[in-house]
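Working notes for the structure below.
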Amino acid sequence: MSPNKTCDVLYKNIGTAVPNCVYIDAMLGWLARILRILFGATVVYSPDAEDVELVETECLVVTRDEELFRRRRGPTILLKTDDHVKWVSVFLNLGMRPFEKSVCPLCGGELEEVDCGEAEAAVGHKIRSEKCWRCARCGKYYWVGSHWRRLRRLVEEAKAVAPCSG
């Protein structure tokens, strides 16, 4: 990396502990879903959240809003890139471990393993997977499919991204 390179991810007051809760601003809905499914993270995401709530929370806040980043005193990450691989690399570099636990990407509810026949009946089509889950909160079904394989590829690409040092 050249010494004059500007980082497209900025960090403020990030400690060494893995964050136990993450607030995601309204511009990062995709990231909220990914953090839930890849890392089982406790994610607070509301497109209607007021900046004052994000400014005052003690949780890690991830934003694309430079003004919010400047106003925050607590742990904050400013994403100045649209590169999803870099977004995931940020959380790997914070020590979050993928695929150990997943929660529902839509609502954050716990996933319960179910018989894939139950999932097939609910979604109305054949599922070619040996493992299926249902969200205990919203009832949505999940299984290992092509989306899961794409997520694994995304994580492998993110592991190869060096953290920005400047």
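Annotations
- For the range 59-138, the list of GluC sites (Glu not before Pro) that fall in a loop by DSSP and count at most 12 other C-beta atoms within 10 angstrom reads Glu100, Glu130.
- Modelled spin labels at Ile14 and Glu58, positioned 7 Å past Cα toward Cβ, are 2.1 nm from each other.
- The antiparallel fraction among DSSP beta bridges confined to the chain stands at about 55%.
- Close amide H pairs (under 5 Å, H built 1.01 Å from N) link Val9 with Lys80, residues at least 5 positions away or on another chain.
- Built amide H within the under 5 Å cut-off of Val44, gap 5+: Val22, Tyr23, Ile24
- The chymotrypsin sites (Phe, Trp or Tyr not before Pro) of the range 65-120 that DSSP puts in a loop, and whose beta carbon has at most 14 other beta carbons within 10 Å, are Phe99.
- Which label in (i) 17.3, 57; (ii) 18.0, 65; (iii) 17.3, 67 gives the computed Rg and Dmax of the Cα atoms in Å: (i)
- Phi angles across the range 42-59 convert, under the Karplus curve 6.51 cos²θ - 1.76 cosθ + 1.60 with θ = phi - 60°, into 3J(HN,Hα) values of 7, 10, 9, 9, 9, x, 9, 4, 7, 4, 4, 5, 5, 5, 8, 5, 8, 5 Hz, Gly and Pro given as x.
- Between the range 14-44 and the range 110-166, the alpha-carbon centres lie 17 Å apart.
Read-outs: derived from the displayed coordinates by stated rules, not from any lab. Since this is a predicted model, take the numbers as computed values, not measurements. Because the Cβ atoms are built from the backbone with ideal geometry, glycine has one as well, and the counts that use them run over all protein chains shown.
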